[in-house]
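Here is the structure we will look at.
The values are calculated or read from the model by the stated rules, or taken from the named source; none is laboratory data. Everything quoted here is computed from the prediction, not taken from an experiment. All Cβ positions, even for glycine, are placed from backbone atoms using ideal geometry, and neighbour counts span all protein chains on display.
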Amino acid sequence: MKGMIYFDNAASTKPRPEAVSAMNAVLSESYANPNALHKGGIEAEKIIASSRETLLSLMPKGGDLIFTSGATESNNLAVMGSVKKRGGNKIITTAFEHPGVSGVIGALGSGFDVVRVSPKDNIADFVDENTVLVSVTAVCSETGFIVGVERLYKEIKGRFPDCVIHTDGAQGFLKTPLDGDLISVSAHKIGGVAGVGGLFIKRGVRVIPQIFGGGQQKGLRPGTEPTALIAAFAKAAEAAEPLGAKLQKRLKDGLNRLGGMKINSYNNIDNILNFSCGVKSEVMLRFLAERDIYVSGGSACSRGKRSKILPAFGVSGRDIDSAVRVSFGWQNVAGEVDAFLEALEAGVKRFGT
């Protein structure tokens, strides 16, 4: 198969044609500042309002959506903005969080009792009266593990209604049911354009602003909204469809035929599969890239460093060093899986021991 094979969609997806078209239309025709009072500004503001309505229709009922620069900013606003000026000092999170959550929790400093839960534990069992925040990913970015946040939200709220629950939905939005008092989402994980995301805030939940300036978006996220990116985000969400299940089965069947492969993913989402191939990740990734096949060794934010997440799933030693993450997107087809397996086999024969 000729052409690039891109299997790194958990890092960033190819923008959908509908999203690109919407973005270009705004850039060409509706480029005015949406906060301006003239006709151009009013038209841009209407595009943002319509896009927000579209995105909210795909989220839990009874909330608002604040646009941000992406899931990392949303996570910062959710965590920092919900623990300040609240009673209690216990925070529950997981041992497999993306740096966009673990990093901000680590930046809170002393004074908080942070409990990191493993994939095999029931997160709700660790919540008590002193818990100020539960912040968990809906889907692990490296293995695709599904937490089940919809069930978790109901279980915790039934016992501790005042506890704030934040869901990092960057990998899970439109792929698995989500719920939470606060939900972070990102456009470039679903076929939108990088540079915009959002924070869903359930009605009645108070968040303290972390950025100050103008009064845009109810003062929670000052700054001129990127109308074109927001319009593209909404169009990508409208066009989203279930993906990856057939491709993942084809990949797993192929890995089993090759032999010597260790599947690290379980209870995982359809479009993410992590496995260890027996060849160091950086060697295999370079070999594949020379053939225009792009996968990853883990989260893009780790920048090639040894995974801190895989140990939580019982992966250790050489299996971590040879881990490969394949993540499918809307544009991928079956023939690409076959070409990848062929190249993988060639790489193992060349570099394997």
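Considering the conditions (1) within 26 Å of Ile208 (Cα to Cα); (2) touching a residue at least 12 places away in the same chain (Cβ under 8 Å); (3) assigned to a helix (DSSP H, G or I), Ser102 is excluded by exactly one of them, (2).
Filtered by the rule that a residue be over 13 Å from the mean Cα position of the chain (by Cα), more than 14 Å from Asn76 (Cα to Cα) and either not acidic (Asp, Glu) or not in a loop (DSSP other than H, G, I, E, B) (or both), segment 170-191 gives Pro177, Gly180. When Gly109 is tested against the conditions (1) more than 21 Å from Gln217 (Cβ to Cβ); (2) assigned to a loop (DSSP other than H, G, I, E, B); (3) modelled with pLDDT of 95 or more; (4) out of contact with any helix residue (DSSP H, G or I) (no Cβ under 6 Å at 6 or more places or on another chain), the lone failure is (3).
Results for (1) in contact (Cβ under 8 Å) with a residue 12 or more places away in the chain; (2) buried (at least 16 other Cβ atoms within 10 Å of the Cβ); (3) hydrophobic (A, V, I, L, M, F, W, C), shown as yes or no for each residue.
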position	(1), (2), (3)
Gly213	no, no, no
Gln217	yes, yes, no
Ala234	yes, yes, yes
Glu241	yes, no, no
Lys246	yes, no, no
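Pairs meeting the criteria (first residue in segment 127-155 and over 19 Å from Tyr266 (Cα atoms), second residue outside any strand (DSSP E or B) and of a type in the set (Ser, Thr, Tyr), beta carbons under 6 Å, at least 6 apart or on different chains) are Leu133/Ser82. Inspection of segment 39-52 finds no residue satisfying the criterion of being under 22 Å from the mean Cα position of the chain (by Cα), more than 15 Å from Ala170 (Cα to Cα) and part of a loop (DSSP other than H, G, I, E, B). The number of residues in segment 124-152 that are buried (at least 22 other Cβ atoms within 10 Å of the Cβ) and either part of a helix (DSSP H, G or I) or of a type in the set (Lys, Arg) (or both) comes to 1.
In this structure, Ile201 qualifies as under 23 Å from Ala107 (Cα atoms), aliphatic (A, V, I, L, M), modelled with pLDDT of 95 or more and over 14 Å from the mean Cα position of the chain (by Cα). When Asp168, Asp162, Asp181 are checked against the criterion of being of a type in the set (D, E, K, R), more than 30 Å from Glu342 (Cβ to Cβ), out of contact with any Gly (no Cβ under 7 Å at 6 or more places or on another chain) and buried (at least 23 other Cβ atoms within 10 Å of the Cβ), Asp181 stands alone in meeting it. One residue stands out in segment 214-244 among those that are in a helix (DSSP H, G or I) and touching an Asp or Glu at 6+ places or on another chain (Cβ under 6 Å): the one that is modelled with the highest pLDDT, namely Lys235. Each residue in segment 183-205 was checked for being free of Cβ contacts under 8 Å to residues at least 60 places away in the same chain and either of a type in the set (D, E, K, R) or in contact with a His (Cβ under 8 Å, 6 or more places away or on another chain) (or both), and 0 of them qualify.
I'd like to check something: does segment 81-94 contain any residue that is over 21 Å from Ile146 (Cα atoms), charged (D, E, K, R) and part of a helix (DSSP H, G or I)? Within segment 81-94, none of the residues are over 21 Å from Ile146 (Cα atoms), charged (D, E, K, R) and part of a helix (DSSP H, G or I).
Residue-level check: of (1) within 20 Å of Ala11 (Cα to Cα); (2) without any contact (Cβ under 8 Å) to a residue 40 or more places away in the chain; (3) of a type in the set (Lys, Arg), Lys349 misses just (1). Scanning segment 21-38 for residues that are polar (S, T, N, Q), more than 13 Å from Leu229 (Cβ to Cβ) and outside any helix (DSSP H, G or I) yields Asn33, Asn35.
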